[in-house]
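The values are calculated or read from the model by the stated rules, or taken from the named source; none is laboratory data. All figures in this text were calculated on a predicted structure; none of them were measured in a lab. Backbone-built Cβ (ideal geometry, glycine too); neighbour counts: all protein chains shown. Areas reflect the complete protein model, heavy atoms only, side chains present, ligands, DNA and RNA absent. Shrake-Rupley method; radii C 1.70, N 1.55, O 1.52, S 1.80 Å.
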Amino acid sequence: MTMRRAPHEPRGFTLIEVMVVVGLVGVLVALAAPNLFRMLRRGDLRSEARLLYAAFVEAQGLAINSGNRGGLRLVLSGDDRGWEVLVDRNGDGTLERDSRHRFADSRPGIGFGPATGFPQAFAAPYAAVPHDAWCTPCGAGNTEGTITFDADGLVVGGVSGSIVLQNTAGELPNHVEALVFIGATGAVRLDRVE
């Protein structure tokens, strides 16, 4: 009796098949990588804007809770680029640092700016809020400024304004996040401008 061998069954992929798949994956990665990078940078910018929003609300809350003034000090340039939440703890009129955030410590490619603000107005009801500087209540040309809150959480002087964040590395040139506030009411929100 003669034994027949079973026909040879293929057990894998040929080298050509593997190379075709690797080439297709390489093309897909090359197409997706720039968009993925932009998406990550946009996420970093939004995250920093949310942190700034939280600091603004924290400074308002500290002023209300302490029954004294509170503030948010903003620094545009240098190693201290970022913000500090301030509060007058003992009612002597001196604002002391409660917390601090520096861009260099978290996301170095994000910062305040552009210095000249941006051309388009905010959506209603914030359409009349100034947007012509990185920090409109800080004053044109200044590299730092403080927004002060009274014991009711309102911006001292009733000043409305905006604080603009951008990607300083230039990867998202037309994308900025703005913290917009109305001083007379204490209303605040984040606004994306593209």
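Its Cα gyration tensor gives the stretch 44-167 an equivalent ellipsoid; the semi-axes, largest first and in whole Å, are 23, 18, 13.
Can you figure out the FRET efficiency of Ala123 with Val25, using R₀ = 35 Å and their beta-carbon distance, to the nearest 0.05?
On the way: r = 42 Å, r/R0 = 1.21.
The value I calculate is 0.25.
For Tyr53, the accessible surface of its heavy atoms amounts to roughly 80 Å² (probe 1.4 Å, protein chains only, rounded to the nearest 10). R0 = 45 Å: FRET efficiency of Leu40 with Ser99, Cβ-based, nearest 0.05? Efficiency for this residue pair is about 0.95.
Rounded to the nearest Hz, the phi-derived 3J(HN,Hα) couplings of the stretch 39-45 under the Karplus curve 6.51 cos²θ - 1.76 cosθ + 1.60 (θ = phi - 60°) are 5, 5, 5, 5, x, 4, 5, where x marks glycine and proline.
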